[in-house]
1. What percent do you get for the relative contact order of the range 1-151 when only Cα pairs under 8 Å and 6+ apart count?
2. Report the trypsin sites (Lys or Arg not before Pro) located in the range 1-90 that are in a DSSP loop and have at most 10 other Cβ atoms inside 10 Å of their Cβ, or state none.
3. So for the chain, averaging the separation of alpha carbon pairs under 8 Å that are six or more residues apart and normalising by length, what relative contact order in percent results?
4. Relative contact order of the range 239-352, please, whole-number percent, based on alpha carbon pairs below 8 angstrom and at least 6 residues apart.
5. Which Cα, out of 94, 57, 110, lies furthest along the positive dipole direction of the range 13-113 (beta carbon charges, K/R +1, D/E -1)?
6. Could you list the trypsin sites (Lys or Arg not before Pro) in the range 303-352 that lie in coil according to DSSP, counting only those with at most 14 other Cβ atoms within 10 Å of their Cβ?
7. Can you give the net charge of the other residues whose Cβ lies under 15 Å from the Cβ of residue 272, counting K and R as +1 and D and E as -1?
8. To the nearest 20 debye, what charge dipole does the chain have about its Cα centre, counting +1 at the Cβ of each Lys and Arg and -1 at the Cβ of each Asp and Glu?
Amino acid sequence: MKQDVIISQNLTEDLRQAIERCPHDQLFVLTDTTTLQFCWPVIRDYPYLQEAKMITIGATDENKTLQTLSSVWEALQQGGATRHSLLICLGGGMVTDLGGFAASTFKRGIQYINIPTTLLSMVDASVGGKTGINFGGLKNEIGVFNCASTVILCADFLRTLDSYNIRSGYAEMLKHGIISNTENWAELITFDLDNIDYTHLQQMVAKSVAIKERIVEEDPTEKGIRKALNLGHTAGHALESLALEENRTVLHGYAVAWGLVCELYLSAKRLGFPHDKLNQTLQFIKENYGVFTFNCKQYDKLYQFMTHDKKNQSGIINFTLMADIGDIRINQSADREEILEMLDFYRESMGC
Ligand code: GLY
């Protein structure tokens, strides 16, 4: 499962080396319609990509389907791919997840390289080998753990992102800060997302990815400590599902940020997570992510979404909570009353 993660200052050279490390007969590049237009032009003139065969899929999460996966398998087959072919996935989390799954299953597995183009995929999706598709109305329901041979993080792509996509990815960085140490957390909650210093952001991305890599290396298949990466996600996924049902557009990282508010409250209540750190994190989230509104009539629905989370076991809602910054407690649960209290806290403190 070991993968190379490269913080690239020289994409041409780093990609050339990554490709050389994977001897192959044929090279394929997977993009979605957006990255074909905006990111492929950055690399398409590289001499070693001239023979590459292109595969393009629809952009956005609605296309993360069995049908799209099948179209990628078909394109590989029709393009004459063998078990010794190599796939480069150029895109956000949808492309790297679906492309990684296509590569992991085609002829029982071919090698693949990820070049994430969004902040969210740089700091989370492209690293750590979770691949898959949505199925039966559930996100990432079908998939395998299988790492890309190399992940190349190129800061140039960061400058192309709008502030929503920066903030979405940044929420996962904030999560990495909370599970690591006070220094990283403090650096993250004092960073100015309205006037981005890209050099500083790139340094923080490198730290963030290193935190994730360390955890994934220790527990690649999420039997234990990798569950730390689920902080904010139990409540976050429930908010995301509610938004989806109500046709409200919510980027994943925004839901994670609001989920962090909920779960840090639960952490304070159950494990004594310090109130000042809860409040500072909450203020940062409120200022940068605004608020997702819901009322108490929707509590039951949110609770139901949490009970259906795939991280649960035997119907018990599984949370990762924090006793302090860096002090992780996995496999925590909360009863219905505490969860409703958590939702009350969110609404009161966020002002909705
Ligand atoms: N996105 C959480 C993980 O990779 O485990």
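Each value in this text was obtained by applying a stated rule to the coordinates, not by laboratory testing. Small disclaimer: the values here were computed from a predicted structure and weren't measured. For neighbour counting, all protein chains shown are included, and Cβ atoms are generated from backbone atoms with ideal geometry for every residue, glycine included.
1. 27
2. The qualifying sites are 2.
3. On the way: 604 pairs, mean separation 50.0, N = 352.
That works out to 14 percent.
4. Across the range 239-352, relative contact order equals 30 percent.
5. Positive-end residue among those listed: 110.
6. Working: sites: 310, 311, 329, 336, 347; in loops: 310, 311.
Listed in order of number, the matching sites are 310.
7. -1
8. The dipole of the chain has a size of about 780 debye.
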